[in-house]
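A short worksheet on the structure shown next.
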Amino acid sequence: MNDSNGYDVLKRLIDLGVALVALICSIPLQFVVAILVYKYLGRPILFRQARPGRDGQIFMLLKFRSMKLAEPGTAISSDATRLTPFGQALRASSLDELPSLWNVVKGDMSLVGPRPLLPQYLERYTPEQNRRHEVRPGITGLAQVEGRNGIGWDEKFKLDVEYVDSRSLTLDLRILAGTVLKVFRREGISQPGVATMSEFTGSSTRTSGGSRAEDNNSDSVSE
C-alpha cells in the first residue's frame, strides 16, 4: 500500500485544486441541471444524506436529486417507480454527482476512492471490508471502473480494499480516465434485474433485488 505522507498530501492538493476549478467552471451547467430537477422532480433540488467517510466519520453527501420522493402508502415507494426517465438520464450522465465536488473541497471526499455508502452498513461489514474506510471516499473508484452497479457487493468491496492497498497517483489517473469511458458508454448504471442496486445485508446472507433501506425523503444509495 502506498501510505507515504507525500502521496496523501499531493493527492489532497490535487483534489482541492481540481474540485475548485470544476465547481467554478460547472456553475452554468449546475444551474441548468437544477432547473431541470425542479421542473421534473420538484423540491428539494439537492439530495442530502449522511454517509460514513474516512475512519467511519459521518458527513453529509450532496448530489442532485434523481428520484421522486418516497410516499408511504402509495405506489411511489420502490426505486423502480421513483426513478423517472429524467432521473435515469441524470444518473447515466453522472451530472447528479456535480454537487459532490463541494464535499471534495471540504475534505469529506476525494475525487478517487471507495464510494460512500449508508451508515447502517458499517455494522454489516467484515473487518476486511471495513478497511475501505481507511481512506477518504471518492466520487469515483476502482469498483466503478470495474463494473459500477453491474457487479455484486462482495466484488465491489474486494475492489475497494484492493484500491486501499495499491493506491497511487498513477492508479488514480487510470481510474479517472476509466470513469470517463464508463460514463460515455453508460455501462453498469444499475444492477441486473434491479432499478439501481440492492441493499447490502451483509456478506453472510444473499442480497435481494428490491428497495434499499432509506428514509422517506432520501434518494438512492447506488451510483
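The values are calculated or read from the model by the stated rules, or taken from the named source; none is laboratory data. Predicted model, so just to flag it, every value in this text is computed and none were measured. Note that each Cβ is placed from the backbone with ideal geometry, even for glycine, and that neighbours are counted across all protein chains shown. Accessible surface areas use protein heavy atoms only, side chains included; no ligands, DNA or RNA. Shrake-Rupley method; radii C 1.70, N 1.55, O 1.52, S 1.80 Å.
Quick notes
- Interchain or long-range residues, amide H under 5 Å from ALA70's placed H: SER218
- The range 107-165, accessible surface, carbon-and-sulfur percent (1.4 angstrom probe): 47 percent
- Where a label projected 7 Å from the Cα of ILE24 along Cα→Cβ would reach, residues of the range 106-124 with amide N under 16 Å: 106
- Pairs of Cα atoms nearer than 8 Å and 6+ residues apart set the relative contact order; for the range 4-70 it is 23 percent.
- ARG115, ARG131, ARG43, reordered so the largest accessible area comes first (probe 1.4 Å): ARG43, ARG131, ARG115
- Additional length obtainable on full extension of the chain from ILE35 to ARG12, 0.36 nm per residue less Cα span: 5.1 nm
- Spin-label model, ASP55 to THR84: label points 7 Å out along the Cα-to-beta-carbon direction sit 4.2 nm apart.
- Computed P(r) (all Cα pairs; the range 5-55; 5 Å bins; percent): 4, 16, 13, 17, 19, 15, 9, 5, 2, 0
- Residues in the range 141-186 average 48 Å² of solvent-accessible surface per residue, probe 1.4 Å, ligands and nucleic acids excluded.
- Residue pairs exceeding 21 angstrom between C-alpha atoms, taken from LYS39/LYS68; LYS106/LYS182; LYS68/LYS156; LYS39/LYS63: LYS106/LYS182; LYS68/LYS156.
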